[in-house]
Amino acid sequence: MGPLQSLSAQTLAEPVPLPEPPELPLPVQSGDNMVVPDITIIRRAGKTIHEYRVNGELYKVKIVPDYGPPYYLVDIDGDGNMEMRHSDLEKGSRLPKWLLLSW
């Protein structure tokens, strides 16, 4: 028996200690405490507006024009006002958030 054969026989004969199993995650809780937004849908000429509110506070508006992709206006700092972003090129322009990919 050569040295490699005896080494592999010893390796197979010795049990390898197994690592400790990880702790199990906590069980999934009921969704009773989850915050579900109130959605108000308003139909206007040329567009549909979806207003999203949590505890009466407006935090997002989705605007779906009759032609073109929908866009969003979001209350970033939580003050209840939709934020306007200004660029140095176009003063006073409102930049909507467009949905780029969806599947």
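Tell me which residues, restricted to the range 38-54, are in a strand (DSSP E or B) and not basic (K, R). Residues satisfying the conditions are D38, I39, T40, I41, I42, T48, I49, H50, E51, Y52, V54. The requirement of being at pLDDT 70 or above, in a strand (DSSP E or B), in contact with an Asp or Glu (Cβ under 8 Å, 6 or more places away or on another chain) and surrounded by 10 or more Cβ atoms within 10 Å (Cβ to Cβ) is fulfilled nowhere in the range 79-93; no residue meets it.
At pLDDT 85 or above, among the β-branched types (V, I, T) and either more than 21 Å from the chain's Cα centre (by Cα) or under 23 Å from L100 (Cα atoms) (or both), is that true of V61? For V61, the condition - at pLDDT 85 or above, among the β-branched types (V, I, T) and either more than 21 Å from the chain's Cα centre (by Cα) or under 23 Å from L100 (Cα atoms) (or both) - is met.
Inclusion of R44 among residues that are more than 18 Å from the chain's Cα centre (by Cα) and closer than 25 Å to L99 by Cα is warranted.
The values are calculated or read from the model by the stated rules, or taken from the named source; none is laboratory data. Owing to the predicted nature of the structure, the values given are computational and were not obtained by experimental measurement. Because the Cβ atoms are built from the backbone with ideal geometry, glycine has one as well, and the counts that use them run over all protein chains shown.
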